[in-house]
Amino acid sequence: QVQLVESGGGLVQAGGSLRLSCAASGSIFSINVMAWYRQAPGKQRELVARITSGGTTNYADSVKGRFTISRDNAKNTVYLQMDNLKPEDTAVYYCAAFRIAVSDWGQGTQVTVSS
């Protein structure tokens, strides 16, 4: 099992920046993909960004050019740098770790962007 703890959420004005962190522990050697998802009130959870064990990254079209996912293997931590934030980025952000046939999720961190 993998345990994930997110941090870094908060309230920011439009145009501002935040960096989310996701610290992983447990069976981290078996993780293939780490990802950030988000869920806004009344909406389905959606993929924001993902990074593979080989370092390949993918982004949702809505965040391309504004968000950057990265990982520090020495710290077992994945980051989501969010720049030029918009009110529509307001959501609970979740970190996820994917192993073969298994996924683990963090508790979520709230990001609120005011206009």
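Here are the numbers for the structure shown:
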{"item": "When the convex hull of its Cα atoms is projected in every direction, mean area for region 48-87 (nm²)", "result": "3.0"}
{"item": "Where the chain is the region considered: accessible area per residue in Å², 1.4 Å probe", "result": "52"}
{"item": "log₁₀ of I(q)/I(0) at q = 0.09, 0.11, 0.22, 0.24 Å⁻¹ - the chain, Debye sum with one point per alpha carbon", "result": "-0.21, -0.32, -1.24, -1.44"}
{"item": "Carbon plus sulfur fraction of accessible area for region 7-115, probe 1.4 Å, in percent", "result": "48"}
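The values are calculated or read from the model by the stated rules, or taken from the named source; none is laboratory data. Predicted, not measured: the structure shown is a model, and the values here were computed from it. Just so you know, the surface numbers come from the protein's heavy atoms only, side chains and all, with ligands and any DNA or RNA stripped out. Shrake-Rupley method; radii C 1.70, N 1.55, O 1.52, S 1.80 Å.
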